[in-house]
Structure formats: C-alpha cells, structure tokens
Amino acid sequence: MKTLRNDMTTRTGLRIVALAAICAALAGCGGGGGGSSDNGPPPVNGPAWGSFGRDAQHSALSGIATQTLARLLWNTPVDLAPQYASDGSLLIHYGSPVISAHNTVIVPVRTSGGGVRVEARAGANGALLWSADSDYVLGAPSASFWTPSYGVALTPGNRLYFAGADGKMFYRDDVDNPSGSVKTIVAINVPPGSPSAALVNAALTVDAAGTLYFGLTLDRRFGPSSMVRIATDGAVTLASMETMVPPLLVGVARTFPATNSAPALSPDGTTLYAVINGSNGDALTLTTYLVALDSTTLALKSRVALLDPVTRLPARVSVNSSASPTVGPDGDVYFGVLESNAPAHNFRGWLLHFEATLATARPPASFGWDDTASVVPATMVPSYTGASPYLLAIKYNNYGGAGTGDGKNRMAIVDPGAVQTDTISGQPVMKEVLTILGPTPDSGYPGGVREWCINTAAVDPFTRSVLVNSEDGMLYRWNLVTNTFTEKIRLGNEIGEAYTPTVVGPNGVIYAINNATLYAVGQ
C-alpha cells in the first residue's frame, strides 16, 4: 500500500496559444512524439471519449474496436515536474484525457511551475494544436494527501470545460479548431478581498445535452459546499450540500464533495448521483452519503449512508481516492469505499451496490476503494452462464503486508447479480466470473506481483477485451474469451504510482499513462 502525501500549490493566469493549422500534420511539432504518415493523417470521424469513464454513467465502454498493441505512436508529458516520494513512487492522480470525434486529444498537464494547463493535440501524431492555462489551485503531495486529479469534460457539441480558481469554470468551443478563445462562467461569486476561496472539485461530468455537473466548496475542503449545474446557455443552478444530508455535529468539519469523484447520471439522464463527504475524508466519526438528485433542479430525491458491509459503521471515502459512481444499464449504482477499520479488509475496501432509488443495498464486490467499475456486457464472456445482462470489470489488488494481504494482485470480472463468500471477511460479495493474476513479480514483496495501476479500465466489446496498465510499466490486453493477456507493450519503467485511466480514441488508438507521460498505442 502506498504512503500518502499532501501540500497545496497555487496557479495564476490564463493564456491561449494557437498554432497554425498546418502544425497538425507535422510530426513532432509542439513537442508530441513522432509518427505521421508521409501523406498526412487520414480524417477521423468516430466515437468521442468525453469524460472520465467516457460517458455520464462512467461505463468506460469503447464505441469502436481497439487497434492492436503493436507500437508506441507518440507520447507527451502530463506532468512537467513530477514530485516523486522518497521511495520513488508517484502519488498523483492524473486527470483523464478526453478525445473528440475528429481525434483531437485534450490532455490535462501539471506545469513545471506547479500550475495547470490543458493541451489539445492531434491524435494522428501528438502535434500541439492549442493550449490554455488555468489559475486553478491544485493540491500537492504531503504526508497524508495525494495530489488530486484535474479533470476536463467534452460535450457532444465539442465544448471543452475545465476548472478555474474561485468558482470559475472555463470553456472553449470547437476544440478541433487551432484558433479559438476561452470564455468564463462564474459558478459562485467570491467578494474581492474575502478570505474565502471557492474550490471547484475538478471531477466533471457532462450529459448528452451538454449540461455540466460538478461540486464546489468554500474555504477549501471545509464548506459550505454546493452541487453545481451549468446549462448549455450558461445558466447556473446551485444546491447546498448541507441540505442534502443530515445535520453534522457542532464544531466538526462541514460537508464537501468527495475529492476526485465525478457525479454520474442515470441512463435516462433524469437523476444525478453524487458523493458528499461528511468529514475530512479520513476521519472515522462522520458519515458519507451517496445522494440522488433531480438532474434539472438539483432537488434531493433520496440518499443513503455509505456503510462498511461488515461493521455497519461509516465507510471511509478517502481524499486519496479517485473512485466515481458507475451506473449500470439497468440503473443500479456502484461506488467504491474503504473499510471502516482498515486494514481489516486488506485496504481493498468495497464496491457498494444500490438499486436506482438507493433504497435497497445489494451485495458489494470485494474491492473498491480507489476504482471506478467498468461495464462489461455479459456476451463478452462466452464462459459466463449466469443471468445478468452485464458484468463489471474491477481492480482486485490484495496488497502485500496490509492485513492478511498476500500481494497476489489481480483484475476481476464480477457478477452483480450473484454472490459468493468473501475469502477475507466471510461477507457475501459479488461472484467472481474471471480473475487474472498480474504477471510481474514484485521485488518489494516476495511472492507478490506488481499492482494494477488503473482507476478505470477501457472495455472493448468488439474484441472482447479490457485494456489495463500495470505498475510493471506495461499496457495489457486482457482477453475475456481465453482469460489471458494476449497482447502487451512496454510504456516505461516499473514505478509505484497512483491509479490512472485507460482511454480509447475514435480510431481505436489506446491511451494510457505511465510515469507522468501519456502514451498513444496502436498499429
């Protein structure tokens, strides 16, 4: 289990850099890796990847068959000054890239001065098309706080949203165009000279109509806090999080949106699910809630306390987690938490499971703490004989030295409609359909293997495979027909790092992060 780190940095300024359109066709222009065709890149018009987990349900389902893991096409840094821990690990959650239907890759970047920038790069070769700096205030490592992610979101109308400081939200239309301007929407006004600051939780979600949802907090993590809805016309709706959960004890921290946790929407788009932390994220005394809101008015529909299924005490939603809710095709909701008495469950936590109204809790999965489940249509697994129409792909690490953890770190496909007995706790949990052990020994834990370092895994129903990257520096194709790794490619050296996403472009190129670098992989 990695150590935890924290500190805070500040960002200033906003700038736009537009390059000539011809730059997109020139290999290496703007700092991306090489790899364009002599005749220029062919036009692309395919399925976009608009946010963390691709869509508003965070399903991570690709809309196109992925290319083979034949070679590294190009790469670009996502951190210009990585801050390594004393043991060499990299404890920062890098935001997910998003990709337009015409193959413009938008990459959140931490700059050498500790700032935040978004870069738009040509998917064909990584050439820089344009960039924009934000004045967002991003946490940095310390003894108990990993650097949080800085997420961006792309609407179906090709508008990019990215967060600024003091309650601002920046946006840029027509992301495929090298020429363009950034505009600003103020979600909440902070009076000049006020000691307060409005911190946007930079885990953003957009719906099919282009509406943006996120949480924000005044005075950093200690509230008061609000859920925010920004319509396509710029109209802002705010709803107090304090009214969504029971009153907290006098003198304790107020509510705030769970760090790094992007809201999710029901399949019909009418219900918004969000996680509200009732503590500092690591205290055990207060309860965190999953809330269901009307997606138009943000009025509370229902809520449920997130409890450890064994102790029935408040589960922990750590500020070091990047888990977001996943909503299944049937409307069921899944969210990952830490156990209340860690490391009693080997720091694996639980993937809690609720039906759409949140009134009924169903058996959890045996891992969840820093993972967002991916949706796997049951037809992807020919050996499956159960009744569920879809399964879930999740990380299944069993951290060596944590509780009874043996270091046998796996990936798993689990059945949300069937149960088995958890071998660690004796608790009924989702049935394992497939599991696969990491292939690389961990020199730091004899008998163990390197961790899977994902917080969401891209699922390819066309090739019946899942794309996962490991702390051994490799990207793997997990074939669900044979339950084997049928392809792999080295991204970089082995490194302990916070969990990262895998993403699929509109032409089937796969994107994965290793050691502060984004790699494009294909044929």
Open item on the list: Being within 22 Å of ASP415 (Cα to Cα) and surrounded by fewer than 23 Cβ atoms within 10 Å (Cβ to Cβ): is that true of LYS431 here?
Closed with: yes
TODO: Test TYR390 against the criterion of being surrounded by 19 or more Cβ atoms within 10 Å (Cβ to Cβ), in contact (Cβ under 8 Å) with a residue 24 or more places away in the chain and under 22 Å from ALA498 (Cβ atoms), and give yes or no.
DONE: no
Open item on the list: Being at pLDDT 95 or above, assigned to a loop (DSSP other than H, G, I, E, B), within 28 Å of THR500 (Cα to Cα) and within 20 Å of the chain's Cα centre (by Cα) is the requirement here; does ALA274 meet it?
Closed with: no
Task: Scan of segment 141-162 for residues that are of a type in the set (Gly, Ala, Ser), in contact with a Leu (Cβ under 7 Å, 6 or more places away or on another chain), open to solvent by less than 40 Å² (accessible area, probe 1.4 Å) and in a loop (DSSP other than H, G, I, E, B), ordered by number - done: GLY151
Task: Residue within segment 413-426 that is modelled with pLDDT of 95 or more, farther than 22 Å from GLY448 by Cα and outside any strand (DSSP E or B) present - done: yes
Open item on the list: Taking the criterion of being modelled with pLDDT of 95 or more and under 23 Å from the mean Cα position of the chain (by Cα), would at least one residue in segment 7-22 satisfy it?
Closed with: no
Task: Among (1) free of Cβ contacts under 8 Å to residues at least 40 places away in the same chain; (2) touching a Pro at 6+ places or on another chain (Cβ under 8 Å), the one test that SER112 misses - done: (2)
Task: Checking THR379 against (1) open to solvent by 10 Å² or more (accessible area, probe 1.4 Å); (2) in a loop (DSSP other than H, G, I, E, B); (3) among the β-branched types (Val, Ile, Thr), the condition it does not meet - done: (2)
TODO: Scan segment 465-477 and give yes if some residue there is open to solvent by 10 Å² or more (accessible area, probe 1.4 Å) and out of contact with any strand residue (DSSP E or B) (no Cβ under 8 Å at 6 or more places or on another chain), otherwise no.
DONE: no
Open item on the list: Need the failing condition index for SER321 against (1) at pLDDT below 95; (2) open to solvent by 10 Å² or more (accessible area, probe 1.4 Å), just the number.
Closed with: (2)
Open item on the list: Could you tell me how many of the residues in segment 224-237 are under 18 Å from ALA262 (Cα atoms) and at pLDDT below 95?
Closed with: 2
- [ ] Please identify the pairs in which a residue from segment 478-502 that is more than 29 Å from GLY151 (Cα to Cα) has its Cβ atom under 7 Å from the Cβ atom of a residue that is exposed (fewer than 15 other Cβ atoms within 10 Å of the Cβ) and of a type outside the set (Ser, Thr, Tyr), counting only partners at least 6 apart or on another chain.
- [x] VAL481/PRO382; PHE485/PRO439
TODO: Might you let me know whether segment 335-348 holds any residue that is farther than 26 Å from THR243 by Cβ, over 17 Å from the mean Cα position of the chain (by Cα), surrounded by fewer than 24 Cβ atoms within 10 Å (Cβ to Cβ) and acidic (Asp, Glu)?
DONE: no
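From the list ALA165, ALA209, exactly one residue is in a loop (DSSP other than H, G, I, E, B), open to solvent by 10 Å² or more (accessible area, probe 1.4 Å) and at pLDDT 95 or above. Which is it?
Numbers: ALA165 fails: at pLDDT 95 or above.
Only one candidate passes the filter, namely ALA209.
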- [ ] Select, from VAL105, VAL116, the only residue that is within 30 Å of PRO267 (Cβ to Cβ) and surrounded by 24 or more Cβ atoms within 10 Å (Cβ to Cβ).
- [x] VAL105
TODO: Only residues in segment 85-98 that are more than 28 Å from GLY505 (Cα to Cα) count as the first member; pair them with residues that are open to solvent by 10 Å² or more (accessible area, probe 1.4 Å), Cβ under 6 angstrom, at least 6 apart or cross-chain, and list the lot.
DONE: SER89/LYS2; SER89/GLY496
Task: Scope segment 434-473; condition at pLDDT 95 or above, among the polar types (S, T, N, Q) and over 21 Å from PHE52 (Cα atoms); matching residues - done: THR435, THR440, THR463
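If a residue has to be hydrophobic (A, V, I, L, M, F, W, C) and open to solvent by 10 Å² or more (accessible area, probe 1.4 Å) to count, how many in segment 441-464 make the cut? Walk me through how you get there before you give the answer.
First, the residues of segment 441-464 that are hydrophobic (A, V, I, L, M, F, W, C): 449, 452-454, 457-459, 462.
Then drop every residue that is not open to solvent by 10 Å² or more (accessible area, probe 1.4 Å), which leaves 449, 462.
Number satisfying all stated conditions: 2.
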Task: Test: residue in segment 72-90 that is modelled with pLDDT of 60 or more, within 30 Å of TYR334 (Cα to Cα), in contact with a strand residue (DSSP E or B) (Cβ under 8 Å, 6 or more places away or on another chain) and surrounded by fewer than 20 Cβ atoms within 10 Å (Cβ to Cβ) - done: yes
Open item on the list: Quick check on my filter: what residues within segment 356-376 are surrounded by fewer than 24 Cβ atoms within 10 Å (Cβ to Cβ), of a type in the set (Gly, Ala, Ser) and within 25 Å of the chain's Cα centre (by Cα)?
Closed with: ALA356, ALA361
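Give THR285, THR255, THR259, THR326 a once-over and let me know the one that is at pLDDT below 95, hydroxyl-bearing (Ser, Thr, Tyr) and open to solvent by less than 10 Å² (accessible area, probe 1.4 Å). Break it down into steps so the answer makes sense when it comes.
Details: THR285 fails: open to solvent by less than 10 Å² (accessible area, probe 1.4 Å); THR259 fails: open to solvent by less than 10 Å² (accessible area, probe 1.4 Å); THR326 fails: at pLDDT below 95.
Going through THR285, THR255, THR259, THR326 in turn, just one is at pLDDT below 95, hydroxyl-bearing (Ser, Thr, Tyr) and open to solvent by less than 10 Å² (accessible area, probe 1.4 Å): THR255.
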Open item on the list: Every residue in segment 100-133 that is at pLDDT 95 or above and of a type in the set (S, T, N, Q), please.
Closed with: SER100, ASN103, THR104, ASN125, SER131
Open item on the list: Quick check on segment 386-412: of everything there that is among the basic types (Lys, Arg) and part of a strand (DSSP E or B), which residue is farthest from PHE335 (Cα to Cα)?
Closed with: ARG410
- [ ] Provide a single number: the residues in segment 291-331 that are outside any loop (DSSP other than H, G, I, E, B) and of a type in the set (A, V, I, L, M, F, W, C).
- [x] 8
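The values are calculated or read from the model by the stated rules, or taken from the named source; none is laboratory data. It should be emphasised that the depicted structure is a prediction, and the values quoted were computed from it without experimental measurement. Neighbour counts are summed over all protein chains in view; Cβ atoms, including those assigned to glycine, are modelled from backbone coordinates with ideal geometry. Protein only, heavy atoms only, side chains kept; ligands, DNA and RNA dropped before computing areas. Shrake-Rupley method; radii C 1.70, N 1.55, O 1.52, S 1.80 Å.
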